Amino acid sequence: MSLLPIFLKLTSRRCVVIGAGNIAAEKIHSLLQSEADVHVIAPQALPELQSLAAEKRITWEQRVFEPSDVEGAFLVIAATSTPSVNHHVYQTAVAHNILCNAVDDPPNCDFYFGSVVRRGDLQVAISTAGESPALAQRLRREIDEQLPHDLGPWLSSLGSLRRDVLAAYYPGEERKMLLHRLAQRDVCDSLSCPSRQLALAREHAEVAR
């Protein structure tokens, strides 16, 4: 089986989670971090999820799953402690051509949640296609230990600098090579920053107007 590794925009997308216990909580927090519109269906919910519902950060319907719950969803997560329920949710989602993940049940998944290392907008995701989540978690810890913790702010500055370069240089090999050079240099906010001076050396570029 070959998987397509992608980073998916979920902002304001309706994502339905069936279940509201420990299994579901981690996935719900991941969806909220992606700014998804999270709808939870479960007879009972953890106190922390009840609090999220009270704060209107998620919508919680206190009842059992019904097939109509998947309608209009962008993706569905089956995260109950009952395998038969998760399988039913998955089959229902498949029938509606909606991507579904049944937590800890690889055969009933269209996609997997990777183990993720985050530094601001930088994300490194690891997947074992459901073969060994424990290995993915170990690798995540090892990568997390090696990545500098200031990569997030640095990436933000680099992104701003990249936009300056795109505005100043015509597309071509020169611009491409410059962007690669900048990704290997320190970037700071000062106008005297060597990387910033390099990026804005317009006398060496054909200025796009």
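The values are calculated or read from the model by the stated rules, or taken from the named source; none is laboratory data. If you're wondering where the values come from, they're calculated on a predicted model, not measured in any experiment. So basically every Cβ, Gly included, is an ideal-geometry build from the backbone, and we count neighbours across all protein chains shown. Remember, those area values only see protein heavy atoms, side chains included, never the ligands or the DNA or RNA. Shrake-Rupley method; radii C 1.70, N 1.55, O 1.52, S 1.80 Å.
Counting only protein heavy atoms and a probe of 1.4 Å, the accessible surface of the chain is 51% carbon and sulfur.
Given Cα pairs under 8 Å that are at least 6 residues apart, what percent is the relative contact order of the stretch 1-134? Taking the mean separation of contacting Cα pairs over the length of the stretch 1-134, I get 20 percent.
Centre-to-centre separation between the Cα atoms of the stretch 119-161 and those of the stretch 21-89: 26 Å.
Using only DSSP helix segments of four residues or longer, with each worth -39500 (n - 2.57), what per-residue ellipticity at 222 nm results for the chain after dividing by its residue count and rounding to 500? Please report the intermediate quantities before stating the final value.
Working: 7 runs with 81 residues, N = 209.
Taken over the chain, the calculation gives -12000 deg cm²/dmol.
Placing R0 at 45 angstrom, the Cβ-Cβ distance between Arg162 and Phe74 gives a FRET efficiency of 0.90 after rounding to 0.05.
Gyration tensor over the Cα atoms of the chain: the corresponding equivalent ellipsoid has semi-axes (square roots of 5 times the eigenvalues, largest first) of 42, 18, 17 Å.
Dipole of the chain computed with +1 at Lys/Arg Cβ and -1 at Asp/Glu Cβ about the Cα centre; of Thr92, Trp154, Leu135, farthest Cα towards the positive end is Trp154. Which angle from 0 to 90°, rounded to the nearest 10, does the C-alpha axis of helix 173-182 make with the longest principal axis of the chain? Helix 173-182 sits at roughly 70 degrees to that axis. In this label model, Leu151 and Arg63 are separated by 4.5 nm, measuring between points 7 Å along each Cα→Cβ vector.
Could you sort Cys100, Cys109 by their accessible area in this structure, using a 1.4 Å probe and putting the largest first? Intermediate results must be reported in sequence, preceding the final value.
Values: Cys100 0, Cys109 20 Å².
Putting Cys100, Cys109 in descending order of accessible area: Cys109, Cys100.
At a probe radius of 1.4 angstrom, the accessible area of the chain per residue rounds to 62 square angstrom. Only lysines eight or more places from Lys27 in sequence, or on another chain, were considered; those with a Cα closer than 29 Å are Lys9, Lys56.
Nothing charged except the Cβ atoms of Lys and Arg (+1) and of Asp and Glu (-1): what's the magnitude of the dipole of the chain about its Cα centre? Round to the nearest 20 debye. Provide the component values of the computation, followed by the final result.
Details: 21 positive and 25 negative charges, 123 e Å.
I would put it at about 580 debye.
Round to the nearest 10 and give me the degree value, 0 to 90, for the angle of helix 83-95's Cα axis relative to the longest principal axis of the chain. Here the helix axis deviates by roughly 60 degrees.
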